[in-house]
1. Quantify, in whole percent, the carbon and sulfur part of the accessible surface of the chain (1.4 Å probe; protein heavy atoms only).
2. With contacts defined as alpha carbon pairs under 8 Å and 6 or more residues apart, what's the relative contact order of the chain in percent?
3. What base-10 log of the normalised intensity I(q)/I(0) is obtained for the stretch 18-123 from the Debye formula, alpha carbons as equal point scatterers, at q = 0.21, 0.22 Å⁻¹?
4. Provide, as a two-decimal number, the C-alpha radius of gyration of the stretch 55-201 over 2.2 N^0.38 Å, N being how many residues it has.
5. Taking only protein heavy atoms into account and a 1.4 Å probe, give the accessible area per residue of the stretch 12-157 in Å².
6. Kindly write out, for the stretch 189-197 in residue order, the coupling ³J(HN,Hα) from the Karplus curve 6.51 cos²θ - 1.76 cosθ + 1.60 (θ = phi - 60°), rounded to whole Hz, with x marking Gly and Pro.
7. Calculate the length of the line joining the C-alpha centroid of the stretch 1-21 to that of the stretch 123-201, in whole Å.
8. What number comes out for the charge environment of V175, summing +1 per Lys or Arg and -1 per Asp or Glu over other residues with Cβ under 14 Å away?
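The values are calculated or read from the model by the stated rules, or taken from the named source; none is laboratory data. On a predicted model such as this, the values are computed, not experimentally measured, just so you know. All Cβ positions, glycine included, derive from the backbone under ideal geometry; neighbour counts span all protein chains shown. In case anyone asks, the SASA skips ligands and DNA or RNA and just uses the protein heavy atoms, side chains included. Shrake-Rupley method; radii C 1.70, N 1.55, O 1.52, S 1.80 Å.
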Amino acid sequence: MLAIIIPANNEEEAIGGCLRSVSAAAACPGLAGEPVLTIVVLDACTDRTAAIAHEAGAVTTTVEVRNVGMARAAGARLALALGARWLAFTDADTTVAPEWLHEQMALGSDAVCGTVSVKDWGVYGEPMRRHFNATYTDVDGHQHIHGANLGVSAEAYHRAGGFEPLATREDVAFVQALQAVGARIAWSAAPRVVTSARKLF
């Protein structure tokens, strides 16, 4: 079984689109019918995020920590307890490509760090869009780390010790832990996601 883990804090406006995209990725023919479990970690949610997740058929678990590192770790614990061999992480304000999960698996690595495209620059505006386009490396071999596009085998997750209880840069700390234990990491632009700018900077 494969698992997709999505932390969410009051994401009723975005979670529906995210879950529709995840459902399409879970049905990718390249996965050869392997079951895919979608877990939404409800972190101090007071809106309709839980209801939308349930309507979409996702499994939910609840934490009251307002901490993305702890939320990702909670989702991982549940996925591993249910027998997942691969953990794919994304964010509630993100949509994944139909081949996203298959592309992660096809790389044959212990972990996958993917790239992102940005759908809305919001308050950052045109200057930040230009800066991103000029400096971001959206090719294989990049060195970017995004919790919105990250995958890891169950075995490597255990070896690295999982996510630390960090409110920011939990993804960077986790990848550094993977590197410290010698995990094989694919820095790939093949698994595609589109996210918002709010969690990039």
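1. On the way: 4640 of 8780 Å².
It is 53 percent, rounded to a whole number.
2. Numbers: 432 pairs, mean separation 54.7, N = 201.
Over the chain, the number comes to 27 percent.
3. -1.34, -1.44
4. Values: Rg = 15.1 Å, N = 147, 2.2 N^0.38 = 14.7 Å.
Scaled against compact globular proteins, the figure is 1.03.
5. Numbers: 6370 Å² over 146 residues.
Value for the stretch 12-157: 44 Å² per residue.
6. Computed from phi, the couplings for the stretch 189-197 are 9, 6, x, 9, 9, 10, 10, 9, 6 Hz.
7. Result: 17 Å between the Cα centres.
8. On the way: positive: R72, R159, R169, R184; negative: D110, E164, E170, D171.
Net of charged neighbours comes to 0.
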